[in-house]
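Since every read-out is calculated from the coordinates, none of them should be taken as a lab result. Just so you know, these numbers come straight off a predicted model, no measurement behind them. Here the Cβ positions follow ideal geometry from the backbone for every residue, glycine too, while neighbour counts run over all protein chains shown.
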């Protein structure tokens, strides 16, 4: 099956003046058959300090079954080795980006995608995409 593309706006900014802390990003995604219905990424702008963790998780009411956070452009990503982060419902199954894997001099805008799996209604699933952005200040 062809993936369905849906667009949503979100940003992540990394700034040297913020204290190191983990930032949670909650993704809500309702599937309607093999299509993506209502969806959101909260907060849509994330500000973290260099070296801070970012955790993406599906909220418990999402009907999407899992998510993968990945760079849209290989070689242009604030995390080492073009890292992909996989997760599911709730904080215990979050997609965790450890601050210790962030590139030391990351700065700029980083488009990324959140790939979601939606049940297709026939025992399988299809992939859908939300298309936010990370903005890194400093580095």
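Label positions at residue 92 and residue 131, each projected 7 Å from the Cα along the C-beta direction, are separated by 3.6 nm.
For region 83-121, the residues whose amide N sits under 15 Å from a probe point set 7 Å from the Cα of residue 22 along the beta carbon direction are 86-101.
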